[in-house]
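Peer 1: My questions will all concern the structure given below.
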Amino acid sequence: MQSNRAPYGSTPVYVVDGARTPFLKARGRPGPLSASDLAVAAGRPLLARQKITPDLLDEVILGCAMPSPDEANIGRIVALRLGCGHKVPGWTVMRNCASAMQAVDSAARNIALGASDLVLAGGTEAMSRAAILFNDDMVHWLAGLGRAKTPVAKLKHFARLRPGHLRPVIALLKGLTDPLVGLNMGQTCEIISHRFGIDRQQMDAFSVRSHLRLAAAVDAGAMDEVIATYDSAGNVYETDDGLRRESSEEKLATLKPFFDRKVGLVTPGNSSQVTDGAALMLLASARAVEEHDLPVLGRILDCEWAGLDPAQMGLGPVHASTPILLRNDLDISDVDYWEINEAFAGQVLSCVAAWEDDQYCRDELGLDAALGSIDQDKLNIDGGAVSIGHPVGASGARIALHALNVLARTGGDKAIATLCIGGGQGGAMLLSRGAE
Amino acid sequence: MTTDKKTTHWTFELDSDSLAWLRFDKTDAGTNVLSAEVMADLNDRLAEIEEASPKAVIVFSGKSNGFIAGADIKEFTGLESPEQAFDLVRKGQHVLDRLEALPCPTIALINGFALGGGLELALACRYRISVDDPKAVMGLPEVKLGIHPGFGGTVRSVALVGVFAAMDMMLTGRNIRPKQAYRMGLVDQIVPERHLRRAGRMMAMKPPATRRVSARERLLSLGPVRGIVASLLSKQVAKKARRDHYPAPYAIIDLWRRHADDPAGMYVAEARSIASLMCSDTSRNLVRVFLLQDRMKALAAGKPHRFGHAHVVGAGVMGGDIAAWCALRGLTVTLEDRAPEFIGPAIKRAQKLFKRKLREPRLVQAAMDRLMPDVDGTGVPRADVVIEAIFENADAKRELYTRLEPRMKPGAVLATNTSSIRLEELRGCLDNPDRLIGLHFFNPVAMMPLVEVIHTAETPDEEIQKGIAFARRIDRLPLPCLSSPGFVVNRVLMPYMMEALLVAEEGVPLPVIDKAAKAFGMPMGPVELADTVGLDVAHHVARILGEAYGFPVPEQLSRMVEQKKLGRKTGQGFYEWKNGKPVKEKSDQSVPPGLADRLLLPMVDEAIAVYRDRVVDDLDLLDAGVIFGTGFAPFRGGPVNYARHRGIDDVTASLEQLRQRLGDRFQADEGWQEVR
């Protein structure tokens, strides 16, 4: 077990406001907005409605797992595009699926240290625009072409070109595969689902519920943090477009397993959706809140990062959240709202099952017995990544922000937002409503 | 240094490498322009340089804003006769000949705009190096003033870049940016500003071989070929400008056709040709319009205002395009409408505008980033100017102002783009009613340079001045107007368009009506104009003005609006529209005599009425406003100038004849007494 001390000590870290773009499903071709476009689409209206002007920010920190080659250090690019001026530094963090949560944590730590007072933090990802690369053979062939000086040598070199040279490397698939254990993310879900006996019907039922909950939230106007986003062709995107209102278990049952082909359980229908999107939060110190008379949505109380077997990365939330519960002297039921990122339906169900499992809690978490059950009415009540989508670099900020909005709506006091991280990690954040 | 002269616009210094650095820094001026005195001064310096026999001469500007903006246009207005003009031009030519004839290499360092005579001076140098900055525009825009290059530019430009490229520059008068200038051979090198002097020195120490005339150019300049090329060029020009209205471009082609094989003769012919053009009415009127434009710009002089953020309410065609234009001009803009789907189309149009104007993707992105859709109106508290451009409903506008005012920054401008509702009717709801002004833009915003700045008799000067300053900030020409129905532009256009409809009802084919107006010099006939503006808009304005000034709205117009035949935007108006162009049936019918008077004199008469009502209290500004707002034949110098030139008695007598024949709507306005 790691440190018993919360990373921010007793210094309050406030969340003033937050916003995100709708999450736009990748449809097999580059989406309408680049990662920095998305962050600007969320950040511009967010900053426009604040009492403070963008030049007062101390820094901008963005998570982005797959930045495009022409948006290097996207945090700085977005700071400049948002009109923060030359003097506001910007940087970029990368912790796979938790990149945005890492950005928020980094912002909070700097505020706790007294190094920053106002920070814009969050994440952005244009998964539909993930690069397609030349394979190694092609790269060597191109290098050879550069060395061939005479026309004859060039011609000879062209004769060596084979169809295999043109086989592209899809960066998105590489990014979603663990290079050390040789498993893609869906396969890690198959492993933990098998471990806890989660079946296909449970996964599909969970997924249907995710869609229906999102539909209800949209209809009830509970998705305030989603901001209308415009592309340059004048199209407007107002809601997450991966939502399937007519989703049903019968329909999902017809889908074929995608990762463990033929025999597996995990299908595109019970996995998170590949999407483009950005989510941002404005964090402030007590000094900034007082000086600028800023409203307060909530506080970030604690944060934990945990490591585990990469082949079982889906259980990361269990390993990251448990220390937070212990050191804040909380039972599972003391947390009024849980936002567990739905990388896969089977993975969320496995996390819930792990906490209910005496043996797992004893062997893996060092507890005396099972920690308890999460009330399903306090978990992902407005849907999750299965229905909303999972732009990997942005989701961490989305769940933290949405957890705060749910607390504001339900009157709850404490929430945990947590996600699993490719490579075998978990990240969790403890949030509370209001200023106290 | 040789500086103990009376005038020291030009100075030169020999450096240790024996390079002569010849500097032009016009005294008591912010911008370098060429006047008779400046040319004489240059002549003196050249004489000294000849004696010093330097290794090379490097000509550069002492002004950071640019190289040379052109000839001193104010000097033109003092010319009394073609002979006098000819002398002036020949003297200038001789000075540049002297520069060209120096035995050593000569290099012009173009650090910014090099236009007209400024570029001609650079052309007289052996080499040109320009900064690689889009602001350093080069061009020969003389045709815009009804003349053509006169310091040898018609000869040297063709010799340097070839007949087609040179003709394109001279006939269109358009600006060439450095990258293009380098590609076409107008400049020999482009460098970042920080290296300009060094590049000049390096070239002077080791001058490259000069280019030889290509075989193609030699072929094109052969007598018989020249005739064919010249007639091709004339046909191109005829599509844009009529010879009787705009003789200058035709004169450029004629010069080349007749004299291309005789440079010495061509210089003299060029001087003769420009001398006679300079004294023509066309040129004098165009020069006047150019100077009036400067006067409108100068209206913004005085207390500087800072405009960083504009908030526009209403993302329709006008509001959306105003917002896009402001963003293009560097403002942060928030664009508000009831729901995102109303703003989307404006964003799409903005993207198109930015791409067309800015080209470079990073600049387009920056402009798009400055333009934020803002359904919640979050931009209001930060805006330095709030422009309302919602539908024409006084209640809705008042309701909006009531919501806006308490949220606005103190001192921020509150403006309406209304074309038909009076400020007096709208401002009552405000705590500070005097702050409301009108900023009336014209459609299409990106093409129409005029903005009517509307005020009432009570509006404090401070507020009017802010409106004017804002118009200048976004590079538009302000015309202060007293609040009154139709202001200036719509009011003078209305009788013109209404009369056209009456003529049409009498059976005159529509294309003939348009032809008559174009023969007068209007850029577009009244029927095509009505279709372009939109018949619903025309109908609305006609109704408002009809109520105010007592004339009926033509029934045909009402009928067409009911039938949703709204002109260009619906594909059917008076004309059928295909691909953005009206389908005009060929008609053999010639323009009936007097038709132009019947169409145009009511417009001229209305301009006088505008002055009588003191909507604009300056006749020169009125002329400029009508030209920039309606396109009124610029070479005629505006309606008042036209009437004065034709003779006011003749105009009023013609109106009286029309009145007797066609009715009281031709009754000459009482205001004519005041302008005699």
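The values are calculated or read from the model by the stated rules, or taken from the named source; none is laboratory data. None of these values were measured; they are calculated from a predicted model. Every residue, glycine as well, gets a Cβ built from its backbone with ideal geometry; the counts of neighbours run over all protein chains shown.
Peer 1: Does B:Leu423 satisfy the condition of being more than 8 Å from every other protein chain (Cβ to nearest Cβ) and within 27 Å of A:Glu238 (Cβ to Cβ)?
Peer 2: no
Peer 1: Tell me, which strands (runs of 3 or more DSSP E) wholly within segment A:1-117 include 3 or more residues that are surrounded by 22 or more Cβ atoms within 10 Å (Cβ to Cβ) and in contact (Cβ under 8 Å) with a residue 40 or more places away in the chain?
Peer 2: Answer list for segment A:1-117: A:14-20, A:59-63.
Peer 1: Of the residues that sit in segment A:238-252 and are more than 14 Å from every other protein chain (Cβ to nearest Cβ), in a loop (DSSP other than H, G, I, E, B) and touching a residue at least 24 places away in the same chain (Cβ under 8 Å), which one is farthest from A:Leu24 (Cα to Cα)?
Peer 2: Looking at the filtered set, the residue picked out is A:Ser248.
Peer 1: Same structure again: Restricting to segment A:41-53, give me the number of residues that are more than 12 Å from A:Ile227 (Cβ to Cβ) and either facing chain B (nearest Cβ under 10 Å) or under 25 Å from the mean Cα position of the chain (by Cα) (or both).
Peer 2: 3
Peer 1: Residues being farther than 17 Å from B:Asp374 by Cβ and more than 10 Å from every other protein chain (Cβ to nearest Cβ): count how many of those fall in segment B:326-358.
Peer 2: Matching residues across segment B:326-358 total 7.
Peer 1: While we're looking at this one, here's another question. Consider A:Glu339 carefully, then state whether it is out of contact with any Cys (no Cβ under 6 Å at 6 or more places or on another chain), crowded, with 17+ Cβ neighbours inside 10 Å and not hydrophobic (A, V, I, L, M, F, W, C).
Peer 2: yes
Peer 1: Of these, B:Ala446, B:Ala457, which one is among the aliphatic types (A, V, I, L, M), closer than 24 Å to B:Ile343 by Cβ and either in contact (Cβ under 8 Å) with a residue 12 or more places away in the chain or more than 14 Å from chain A (Cβ to nearest Cβ) (or both)?
Peer 2: Of B:Ala446, B:Ala457, the one residue that is among the aliphatic types (A, V, I, L, M), closer than 24 Å to B:Ile343 by Cβ and either in contact (Cβ under 8 Å) with a residue 12 or more places away in the chain or more than 14 Å from chain A (Cβ to nearest Cβ) (or both) is B:Ala446.
Peer 1: A further question on this structure: Given the conditions (1) within 29 Å of A:Met223 (Cα to Cα); (2) outside any helix (DSSP H, G or I), which single one is not true for A:Ala369?
Peer 2: Evaluating A:Ala369 over (1) within 29 Å of A:Met223 (Cα to Cα); (2) outside any helix (DSSP H, G or I) leaves (1) as the failure.
Peer 1: I've got another one for you. Of B:Arg382, B:Arg356, B:Arg370, B:Arg349, which residue is touching a strand residue (DSSP E or B) at 6+ places or on another chain (Cβ under 7 Å) and more than 21 Å from B:Gly438 (Cα to Cα)?
Peer 2: Step by step, each of B:Arg382, B:Arg356, B:Arg370, B:Arg349 is checked, and only B:Arg370 is touching a strand residue (DSSP E or B) at 6+ places or on another chain (Cβ under 7 Å) and more than 21 Å from B:Gly438 (Cα to Cα).
Conditions (1) in a helix (DSSP H, G or I); (2) under 26 Å from the mean Cα position of the chain (by Cα), marked per residue:
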position: B:Arg295; (1), (2): yes, yes
position: B:Lys303; (1), (2): no, yes
position: B:Arg306; (1), (2): no, yes
position: B:His311; (1), (2): no, no
position: B:Gly319; (1), (2): yes, yes
position: B:Glu341; (1), (2): yes, no
position: B:Gln351; (1), (2): yes, yes
position: B:Arg362; (1), (2): yes, no
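Peer 1: Could you grab me the full set of residues in segment A:362-400 that are within 26 Å of the chain's Cα centre (by Cα), over 30 Å from A:Asp276 (Cβ atoms) and of a type outside the set (A, V, I, L, M)?
Peer 2: Result: A:Glu364, A:Gly372, A:Ser373, A:Asp375, A:Asp377.
Peer 1: Do you know which residues across segment A:217-237 are exposed (fewer than 14 other Cβ atoms within 10 Å of the Cβ) and more than 14 Å from chain B (Cβ to nearest Cβ)?
Peer 2: Answer for segment A:217-237, where residues must be exposed (fewer than 14 other Cβ atoms within 10 Å of the Cβ) and more than 14 Å from chain B (Cβ to nearest Cβ): A:Asp219, A:Ala220, A:Gly221.
Peer 1: Follow-up question, since we're still on this one. Does at least one position in segment B:58-80 carry a residue that is at pLDDT 95 or above, more than 17 Å from B:Lys135 (Cβ to Cβ) and surrounded by 18 or more Cβ atoms within 10 Å (Cβ to Cβ)?
Peer 2: Yes, segment B:58-80 contains at least one residue that is at pLDDT 95 or above, more than 17 Å from B:Lys135 (Cβ to Cβ) and surrounded by 18 or more Cβ atoms within 10 Å (Cβ to Cβ).
Peer 1: Here is a follow-up. Scan segment B:34-53 and tell me whether some residue there is assigned by TED's automatic domain parsing to the domain that holds B:Glu75, in a loop (DSSP other than H, G, I, E, B) and under 14 Å from B:Leu109 (Cα atoms).
Peer 2: No, the conditions are met nowhere in segment B:34-53.
Peer 1: Okay, moving on. Taking into account only those residues within segment B:531-583 that are at negative phi and of a type in the set (S, T, N, Q), which is surrounded by the fewest Cβ atoms within 10 Å (Cβ to Cβ)?
Peer 2: Across segment B:531-583, the extreme among qualifying residues is B:Gln563.
Peer 1: Would you please name the residue that is nearest to the other protein chains (Cβ to nearest Cβ), looking only at residues in segment B:390-409 that are of a type in the set (Asp, Glu) and free of Cβ contacts under 8 Å to residues at least 40 places away in the same chain?
Peer 2: Among those that are of a type in the set (Asp, Glu) and free of Cβ contacts under 8 Å to residues at least 40 places away in the same chain, it is B:Glu405.
Peer 1: Hey, another quick one. Here are some residues: B:Arg216, B:Arg201. Which one is out of contact with any strand residue (DSSP E or B) (no Cβ under 6 Å at 6 or more places or on another chain) and surrounded by 14 or more Cβ atoms within 10 Å (Cβ to Cβ)?
Peer 2: Result: B:Arg201 is the single residue among B:Arg216, B:Arg201 that is out of contact with any strand residue (DSSP E or B) (no Cβ under 6 Å at 6 or more places or on another chain) and surrounded by 14 or more Cβ atoms within 10 Å (Cβ to Cβ).
Peer 1: Do we find that B:Met372 is in contact with a Ser or Thr (Cβ under 6 Å, 6 or more places away or on another chain) and either within 14 Å of chain A (Cβ to nearest Cβ) or buried (at least 20 other Cβ atoms within 10 Å of the Cβ) (or both) in this structure?
Peer 2: Answer is yes for this residue.
Peer 1: Those residues that are surrounded by fewer than 22 Cβ atoms within 10 Å (Cβ to Cβ) and either in contact (Cβ under 8 Å) with a residue 40 or more places away in the chain or part of a loop (DSSP other than H, G, I, E, B) (or both), I need them from segment B:378-389; list them, please.
Peer 2: Matches in segment B:378-389: B:Thr378, B:Arg382, B:Asp384.
Peer 1: Please enumerate the residues belonging to segment B:169-223 that are within 20 Å of B:Ile253 (Cα to Cα), hydrophobic (A, V, I, L, M, F, W, C) and out of contact with any helix residue (DSSP H, G or I) (no Cβ under 8 Å at 6 or more places or on another chain).
Peer 2: B:Leu222
Peer 1: Let me ask another. Taking the condition surrounded by 20 or more Cβ atoms within 10 Å (Cβ to Cβ) and at negative phi, does B:Val591 pass?
Peer 2: Considered against the rule, which asks whether it is surrounded by 20 or more Cβ atoms within 10 Å (Cβ to Cβ) and at negative phi, B:Val591 comes out as no.
Peer 1: Would you check which residues across segment B:392-403 are out of contact with any Asp or Glu (no Cβ under 8 Å at 6 or more places or on another chain) and closer than 28 Å to A:Ala41 by Cα and list them?
Peer 2: Across segment B:392-403, the qualifying residue is only B:Arg403.
Peer 1: Is it the case, given these coordinates, that B:Leu42 is crowded, with 21+ Cβ neighbours inside 10 Å and modelled with pLDDT of 95 or more?
Peer 2: Answer is yes for this residue.
Peer 1: Take the residues in segment A:214-227 that are without any contact (Cβ under 8 Å) to a residue 24 or more places away in the chain and part of a loop (DSSP other than H, G, I, E, B), then tell me which one is farthest from B:Lys348 (Cα to Cα).
Peer 2: Step by step, filter segment A:214-227, then rank; the result is A:Ala220.
Peer 1: Identify, by number, the condition in (1) closer than 16 Å to B:Asp369 by Cβ; (2) away from every other protein chain (no Cβ under 14 Å); (3) out of contact with any Cys (no Cβ under 6 Å at 6 or more places or on another chain) that A:Thr124 doesn't meet.
Peer 2: So A:Thr124 meets the others, but not (3).
Peer 1: Which condition does B:Val615 not pass, out of (1) assigned to a loop (DSSP other than H, G, I, E, B); (2) touching an Asp or Glu at 6+ places or on another chain (Cβ under 6 Å); (3) at pLDDT 95 or above; (4) hydrophobic (A, V, I, L, M, F, W, C), if it passes all the others?
Peer 2: (2)
Peer 1: B:Ile437 - would you say it is touching a helix residue (DSSP H, G or I) at 6+ places or on another chain (Cβ under 8 Å), in the same structural domain as B:Ile322 (by TED's automatic domain parsing) and part of a strand (DSSP E or B)?
Peer 2: yes
Peer 1: In this structure, is B:Thr418 within 14 Å of chain A (Cβ to nearest Cβ) and in a loop (DSSP other than H, G, I, E, B)?
Peer 2: Against the criterion (within 14 Å of chain A (Cβ to nearest Cβ) and in a loop (DSSP other than H, G, I, E, B)), B:Thr418 does not qualify.
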